[in-house]
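Trainee: Let me begin by handing over the structure; questions about it come next.
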Amino acid sequence: MTAHPGKLKDTMQGIPVSPGIIIGKAHLVDRSRVKILYQYLIDEKQVSGEVERFENALRATEEQLETLKNKMPEHVKEHSFILDSHLMILQDSMLRDSTIRRIEEEKINAEWALKKSFHEIRKIFAQIDDEYISNRIQDVESVSERILRNLSGKAQESLAEIHERVIIVAHDLSPADTTELNISKVMGFITDVGGQTSHTAIMAQALEIPAVVGLESASARISDGDLLIVDGSTGEVVINPDDAEIIRYQEKQLQHEKYKSTIARICHLPAQTPDGYRIAIKANIEFLEEVAAVRDHGAEGIGLYRTEFLYLRSKGLPTEEELFKDYREVAEIMAPEPVTIRTLDIGGDKFASHIEIANEMNPAMGLRAIRLCLKEPNLFRTQLRAILRASTFGRVQLMFPMISGIQEVLEVKEILDTVKKELDSEGIIYDENMPVGIMIEIPSAVTIADLLTKHVDFFSIGTNDLIQYALAIDRVNEHVAFMYQPFHPAILRMIQQVVREGRKAGIKISLCGEMAGDPLCIPILLGLGLDELSMNARSIPLVKNIVRAIPLQQAQQDFERVIHLSTAKEVRDYLLTRMKKMIPELGEKGFFPA
Ligand code: PEP
Ligand code: MG
């Protein structure tokens, strides 16, 4: 790898979301909307030709989708439902027939007719009082865009067809895009938009590809073929680096990889401080297929199973049987280690990079998670039945997201009791002692943590949302990403309050937001006295290694120091200095700024 003579060197700083250093060529992916340049009337004689042009575009779209589906790499095959649903939309009369009718009756060109049909469908979808279904407009839009590209002769590039070792540069990537990524070819990706906890970021971690998001103008500043260095641990992106820089990063990459393989070899050792304090280290998963990696990385259970993806992957809603099979398998593979299954947390801003909640002004505060489940009791009951049935196949724990007050807990527990009675009457067994917990991720829940302890067996602190709601920072908005501060004194105090109340009541306290996997956070999370940390599996070896290096007493002293500091910057600087002193090789090997 050598520098490009004559090309201008540039550096950018983004949000690191999936670690690893990569050096390679930029491959720009244009995901911008197709602009319709021509809207024109046609005469009677042109109608049949225009309909034929539209039908050709439909056929081309169908072929592209089928090819994409067939070429999907094995490990992401489970996401082919996205392409199936696109094929169904393509064949649906709402889009196809109404566009042809418009060409024939209104005598307008195919692009214009298709746009009009799409807008009509969007209006209909907006009126549907079902968040899941109304959100599907996103898929209709994506299919329409693909047809438009074929009409204009400007086909959308498929990421699955990239056969060079490149770094993807895009304004944004959707989950459909991430499922298409040919991981053996794509080295990593960088995007203009997104934040640390956006869904694209979480997918990158799950797929173990280095990524930096929130760069704001990467797709404008980088040209196809530019040489890039991307540091997924620090968020640095160097465009057209000189030879000295390449050598420096290659060395860093080597050190990083060497250190990773060293700690991977000892990842099954317990996370115990030198003075004997043991903290449980568990994994967050998005889908069943990750369980093997979870075991390989030394997890002592699954602290958060985000169950949304099963709902997104099905054409319709998944059946109780489908859910049961999936949960049972996770429970069985992980047994005797525990698995915490979180009920559906769909909606809100979590999927904002690919699912627009068209009919909500403020989706993060809208009908999300438990709110949606309480509004759709049938949907909720089906999932609860499946979880209860799976509970006898391992050690299952049940967790409810987005709890804001006692009333919600009482309501969900009442529904849970009804479901249990239903199963009793059908003679279906379940674990009667299955622990039931809640996510603490809304500031109101922190404030009444003492009251909540009386109703549940455990808390899991969801700092991704807690930070979002406490600091009023949209977690996927790159423009305010600099204010998304885990070390903000308000956040530290909130976590402290939850732990204190949990301890008093004698219930278990876990933390499962991205903070749990951040090396710099470990001393304070240890010092706080949490029972469990749950994180993306890849972070586990490093986190365990840090735990094994820091005596609890020291972590407690560090926590006492930082809790009295007044800004996030002061806390961060203090922790950086401490960590560099305690475990110097971490900075040197690129796990945080050296
Ligand atoms: C959180 O909010 O911290 C969390 C773990 O849940 P999610 O990221 O799925 O919202
Ligand atoms: Mg959350």
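The values are calculated or read from the model by the stated rules, or taken from the named source; none is laboratory data. Computed from a predicted structure; not experimentally measured. Glycine gets a Cβ as well: all are built from the backbone with ideal geometry, and neighbour counts include every protein chain shown. SASA here: full protein model, heavy atoms, side chains in, ligands and nucleic acids out. Shrake-Rupley method; radii C 1.70, N 1.55, O 1.52, S 1.80 Å.
Trainee: Of all the helices (runs of 4 or more DSSP H) wholly in region 422-529, which have at least 2 residues that are basic (Lys, Arg)?
Mentor: Of the helices (runs of 4 or more DSSP H) lying wholly inside region 422-529, those with at least 2 residues that are basic (Lys, Arg) span 489-505.
Trainee: Can you tell me how many residues within region 265-280 are buried (at least 17 other Cβ atoms within 10 Å of the Cβ) and in contact with a helix residue (DSSP H, G or I) (Cβ under 8 Å, 6 or more places away or on another chain)?
Mentor: So the answer is 5.
Trainee: Same structure again: Has region 423-439 got at least one residue that is among the acidic types (Asp, Glu) and within 16 Å of ligand 1 (Cβ to nearest atom)?
Mentor: Checked against the condition, which is being among the acidic types (Asp, Glu) and within 16 Å of ligand 1 (Cβ to nearest atom), region 423-439 yields no hits at all.
Trainee: I'd like to verify a number: residues in region 550-594 that are at pLDDT below 95 and more than 29 Å from the chain's Cα centre (by Cα), how many?
Mentor: 8
Trainee: Go over the candidates 206, 155 one by one and state the one that is within 16 Å of ligand 1 (Cβ to nearest atom), open to solvent by 10 Å² or more (accessible area, probe 1.4 Å) and at pLDDT below 75.
Mentor: 206
Trainee: Name the residue, out of 533, 552, that is in contact (Cβ under 8 Å) with a residue 24 or more places away in the chain and out of contact with any helix residue (DSSP H, G or I) (no Cβ under 6 Å at 6 or more places or on another chain).
Mentor: The match here is 552.
Trainee: Separate question: Any residue that is of a type in the set (Lys, Arg) and under 25 Å from the mean Cα position of the chain (by Cα) - is there at least one of those in region 529-541?
Mentor: Within region 529-541, one or more residues are of a type in the set (Lys, Arg) and under 25 Å from the mean Cα position of the chain (by Cα).
Conditions tested, residue by residue: (1) surrounded by 20 or more Cβ atoms within 10 Å (Cβ to Cβ); (2) under 24 Å from the mean Cα position of the chain (by Cα).
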site	(1), (2)
368	yes, yes
375	no, no
378	no, no
383	yes, yes
387	yes, yes
404	no, yes
407	no, no
418	no, no
422	no, no
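Trainee: Within region 443-494, how many residues turn out to be farther than 17 Å from residue 518 by Cβ, open to solvent by less than 10 Å² (accessible area, probe 1.4 Å) and either under 18 Å from the mean Cα position of the chain (by Cα) or not aliphatic (A, V, I, L, M) (or both)?
Mentor: 1
Trainee: Output the residues belonging to region 528-562 that are within 17 Å of residue 497 (Cα to Cα) and open to solvent by 20 Å² or more (accessible area, probe 1.4 Å).
Mentor: Selection gives 528, 531, 532, 556, 560, 561.
Trainee: Ok, one more. Of all residues in region 444-472, count the ones that are β-branched (Val, Ile, Thr), within 12 Å of ligand 1 (Cβ to nearest atom) and touching a strand residue (DSSP E or B) at 6+ places or on another chain (Cβ under 6 Å).
Mentor: Count: 1.
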